[in-house]
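What follows draws every value from the coordinates through simple rules; no lab data is involved. Because the structure is a prediction, the values reported are computed rather than measured. Every residue, glycine as well, gets a Cβ built from its backbone with ideal geometry; the counts of neighbours run over all protein chains shown.
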Amino acid sequence: MLTNKLKSFWSLAVFFGLGITANATVYTTIGDGSFNDCSIWDNGCPNSNIAQGDTVIINHIVNANASMNVLGTLILGSTGVFNSSNTLDILASGTFVNQGDFTTDNPLIINGTFFNEAAVSAPSVYTNGYICNSGSISLINEFYAHGALVDCGGTVETCEFNMNSNNNAVDVTGSATAELFNQNLCCTDSGFPSPFGTLEGDYVIDSAGVSFCSLPLQPDAGIDISTSSCEGVAEINLYSLLSSEVNPNGTFSEVNPTGSLDPSTGIFSIAGLSAGTYTFIYTVAGYNASSDESEIEITINPVIYSVSELVACSSDLPVEWNGLSLNEAGSHSVTLMSVNTGCDSVVTLDLSVTFLDAPTLSTNGPVQCSGDLIEITIEDIPNAEYHWNGPNGYFSEEAYNEFELNYTNEGTYTAYYSLNSCVSEVAELELGIENFEIDEFTFPNVITANNDGVNDEITVEDYIGYCEEFNFSIRDRWGNQVFEQERGEESFNGVSFVGEKLPEGVYFYHLSYGMKSLSGFIHIFE
């Protein structure tokens, strides 16, 4: 069974010059058994010396008793178990890919290419080839890297890791220098303070990528960090603040303990903490009691609260404030972002609204005649400023006003007042002249001219007012005019214009008023 990493091997094979020939043979196990048992293979028996170009794939439990030389490709799948009681030699042209469980009782000799993604157990390893170890290699004795290149982030359990240069490695690695990258070397024997043994010739050890039993050879806690957060944030993962090249297996401690740091997870819970600066130390322990520290300083900025007051006039509503359209009094709040800290800023506006009702207006109107004086008055409001408006551009700022009212300036007059920069509602007055409507007038048709003081005369001015001119005439039944009156003359009391008392009976009257007239009957009784 091939994994994704194993599939990538075929592209890597080109880099290492491992071509697959057209007449190559592929052998794959179909059951458990001995390597030399032909019945466990799908394509005949592979030779213990795997020829260059051939590929052997083991997906079952297979035991090998004879020594083996790999010039081609040997693949141990993820379900495979391969036990060798003899030597296994990966020659310069050979490749061994292990994704299963490989155990050998003799030294593992790798002069070609070895991809290990799983588990290897051997007495020792001798190599001048390329080992990509992302799994684990457990050795009883030494690991000899003679010009070899070892990489890929796995673990090698040995108490003696030897390195020296070797020209025989050039064909596989491209260099005679022994190189060690990204491996965790671990020795469980306390008698060996270091897993390194003999280091000779040209060799390279990646001090940043190589660790000893998970302790870095050169611990790196990174640079000091200063950052900030906001009050109200639930928590901060301190590990997320570290740069990518920092050793991730360090521990955090708090300079001034608050009880809010979980050292095992690096989670700093800031909910409920007051604003301020909190300092932490990140410590990375390294090999041979070495260590490195960095300081992380976190400033928790407070939520800023501010309150302002505003008195607005009802005529100013709505008040536009920080994106809100306010139509009523009260406390109104919005949450903004502070340009200084990037944290929340809660701003509150206490809004008071002044409502000025319409003023009370009064007048002595309506007037009887055009040209009569009329009075208009607005209620007295201390410190108020008054504003009158009316027909024909009338304007006044006085509380009391008096002027002649005629047919050109009668109509609607409005008034309002301003107080403390606010404007009241508007009040109205209708100013007019009392007009006698002759069409709607019912003339008195009976007079008792007996000088008893009751209904003895007809006073026309009492009905039509004292403004317009009029003509009032009376005729008897024969059409003879017996009385005539105009404004200012004596009223009719049953006496003719020559001073004679008129007899009882029915008389005809005619009243002219302006452009209109009215006619009818009058009965005279004594």
Query raised in the report: When the distances between all Cα atoms of segment 225-301 are binned every 5 Å from zero, what whole-number percent does each bin get?
Result: 3, 15, 29, 26, 15, 8, 3, 2, 0
Report summary line: The answer for the longest stretch of the chain without any exposed chymotrypsin sites (Phe, Trp or Tyr not before Pro) (DSSP loop, at most 11 further Cβ atoms within 10 Å) is 1-406
Requested in this report: Give the relative contact order (percent, whole number) for segment 438-525; include only Cα pairs under 8 Å separated by 6+ residues.
Outcome: 34
**Report entry** Kirkwood hydrodynamic radius of the chain, Cα pairs, Å
**Finding:** 35.4
**Report entry** Kirkwood-Stokes translational diffusion coefficient of segment 438-525, alpha-carbon pairs, 20 °C, 1.002 mPa s, µm²/s
**Finding:** 162
Report summary line: In nm, the gap between the two label points placed 7 Å beyond Cα toward Cβ at Val339 and Ser315 is 3.4
Query raised in the report: Which length gain, in nm to one decimal place, applies between Val506 and Thr408 when the Cα-Cα distance is subtracted from 0.36 nm times their residue separation?
Result: 31.0 nm
Requested in this report: When you have a sec, figure out the Kirkwood radius of segment 329-471 from all distinct Cα pair distances and drop it here in Å to one decimal?
Outcome: 20.4
**Report entry** Cut-off under 5 Å, modelled amide H: who pairs with Ser67 long-range
**Finding:** Thr87
Query raised in the report: So what is the calculated 222 nm ellipticity per residue for the chain, using -39500 (n - 2.57) for each DSSP H run with n of 4 or more, over all residues, to the nearest 500 deg cm²/dmol?
Result: -500 deg cm²/dmol
Query raised in the report: Label 7 Å along Cα→Cβ of Ser418; segment 347-382 residues with amide nitrogen under 20 Å?
Result: 353-360, 378-382
Query raised in the report: Do any cysteines in the chain lack another Cys Cβ under 4.7 Å, and if so which?
Result: none
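Need one number: % antiparallel among DSSP beta bridges in the chain, to the nearest 5. Write out the running numbers ahead of the final one.
Details: 79 of 171 bridges.
For the chain, the DSSP antiparallel bridge percentage is about 45.
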Query raised in the report: So, in nm, how far is label Glu398 from label Asp372 when the simple model puts each one 7 Å beyond its Cα toward the Cβ?
Result: 2.1
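Kindly put Met68, Met337, Met515, Met163 in sequence by how many other C-beta atoms sit within 10 Å of each C-beta, fewest to most.
Details: Met68 23, Met337 11, Met515 6, Met163 26.
By the 10 Å Cβ count, ascending, the order reads Met515, Met337, Met68, Met163.
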**Report entry** Modelled label reach - Glu490, point 7 Å along Cα→Cβ, segment 462-476 residues with backbone N closer than 12 Å
**Finding:** none
Report summary line: Simple spin-label estimate for Thr25/Ala234, 7 Å along Cα→Cβ, in nm, reads 6.4
Requested in this report: Return the long-range amide H neighbours of Trp41 (sequence gap of 5 or more, or a different chain), with a cut-off of under 5 Å between placed amide H atoms.
Outcome: Ile30
Report summary line: Going fewest to most other Cβ atoms within 10 Å around each Cβ, Ser396, Ser491 line up as Ser491, Ser396
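Report the gain in length on full extension from Asp105 to Ser517: 0.36 nm times residue separation, minus Cα-Cα distance, nm rounded to one decimal.
So the chain would gain 133.7 nm between Asp105 and Ser517.
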